[in-house]
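Peer 1: Have a look at the structure that comes next, please.
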Amino acid sequence: MKFLADECCDAGPVAGLRADGHDVSYVLEGRTGISDDEVLRNAYDAGRILLTEDKDFGELVCRLKKPAYGIILMRIDVEERGEKLPRMEALIAKYADRLPGHFVVVDLNKYRFRPLIFPQQPLGKPNRHTNEH
């Protein structure tokens, strides 16, 4: 799967997902300090699921209706950081097909899925992901 890891994400799960064969871009390895809006837009334009630990992305997509390809919000305390990668791996193994198009909150005990609402493409404009009209 293709992911974009926000700069607030732990490096361990990023490395672990890469070791598992996933294509993971990491904001910390590129343009650090960019706005949440820009991170979200970059993930959407690249067709990547955003990995984050920042609750502000929930406001951007749920309240402000910003487009997103998919978002995974990790809600695991720093004391339990060793559980982040196993929880991500289990999520992907069980629900990979549901990740695009959803805002997923991951904690130690459960996964919560909320469908994302995408703005309609203007008529006559190509779709950014398929180049279809």
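Read-outs throughout are calculated quantities, based only on the coordinates presented, and are distinct from any laboratory measurement. None of these values were measured; they are calculated from a predicted model. Glycine gets a Cβ as well: all are built from the backbone with ideal geometry, and neighbour counts include every protein chain shown.
Peer 1: Please report the net charge: other residues with Cβ closer than 12 Å to the Cβ of Cys62, K and R +1, D and E -1.
Peer 2: With Lys, Arg at +1 and Asp, Glu at -1, the net is +3.
Peer 1: R0 = 30 Å: FRET efficiency of Met1 with Leu64, Cβ-based, nearest 0.05?
Peer 2: 0.70
Peer 1: Cβ neighbours within 10 Å, averaged per peptide: list 53-59, 95-101 in order, most packed at the top. Display every interim value, and only then the final one.
Peer 2: On the way: 53-59: 15.6, 95-101: 13.3.
The most tightly packed comes first, giving 53-59, 95-101.
Peer 1: Separate question: Taking only Cα atoms and a 10 Å spring cutoff, compute GNM fluctuations for the chain and point out the largest among Leu40, Leu64, Leu116.
Peer 2: Leu64
Peer 1: Which value results when the Cα radius of gyration for the chain is divided by 2.2 N^0.38 Å?
Peer 2: Relative to the 2.2 N^0.38 Å estimate, the chain comes out at 1.03.
Peer 1: Could you give the angle, 0 to 90 degrees to the nearest 10, between helix 36-46's Cα long axis and the longest principal axis of the Cα atoms of the chain?
Peer 2: The answer is roughly 70 degrees.
Peer 1: If each residue of separation counts as 0.36 nm, what is the full-extension length gain between Lys94 and Arg114 once their alpha-carbon separation is subtracted?
Peer 2: 5.6 nm
Peer 1: Taking 0.36 nm per intervening residue step and subtracting the Cα-Cα distance, what contour gain separates Asp56 from Arg41 on full extension?
Peer 2: Stretched out fully, the Asp56 to Arg41 stretch lengthens by 4.0 nm.
Peer 1: For the chain, what does the helix formula give at 222 nm: sum of -39500 (n - 2.57) over DSSP H segments with n ≥ 4, over the residue count, nearest 500 deg cm²/dmol?
Peer 2: Value at 222 nm, helices only: -7000 deg cm²/dmol.
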